[in-house]
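For reference, the structure discussed in these notes is given below.
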Amino acid sequence: MLDPQFHPIPPDKNCQQSMQIFEQHKQLAQEYLKVQTEMTYLSRQMDELAERLSEAEGLSQLDQQDSEMHQEELRK
């Protein structure tokens, strides 16, 4: 699932340090994917909330305009 540039080279099975680095890389890659997924989810959620807010503000402006029209009619 990672871009090719993030793929680790296979570890040297005869070198403990190489195996440790490889395992650390796998853990970091899992964390990276988790954070990227969460960022995507939160970005979509933020867009939806912004859209809902925009709709609510539009309705609020319409309500305010209606209220002003009603007040003006009452004055007449």
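The values are calculated or read from the model by the stated rules, or taken from the named source; none is laboratory data. These numbers were taken from a predicted model, which means no experiment stands behind them. Accessible surface is based on the protein model in full, side chains and every heavy atom, while ligands, DNA and RNA are left aside. Shrake-Rupley method; radii C 1.70, N 1.55, O 1.52, S 1.80 Å.
In this structure Leu33 has an accessible area near 60 Å², from a 1.4 Å probe over the protein heavy atoms.
Sort Glu48, Glu23 by accessible area with a 1.4 Å probe, largest first. Let's see the in-between values first.
Values: Glu48 115, Glu23 80 Å².
These residues rank, largest area first, as Glu48, Glu23.
Rolling a 1.4 Å probe across all protein chains gives Lys26 an accessible area of roughly 90 Å².
The C-alpha atoms of the chain define a longest principal axis, and helix 16-75 lies at about 0 degrees to it. Computed over the chain with a Gaussian network model linking Cα atoms closer than 10 Å, the most mobile of Gln20, Gln45, Gln30 is Gln20. The convex hull drawn around the Cα atoms of the chain, when projected onto a plane and averaged over every direction, covers 6.9 nm².
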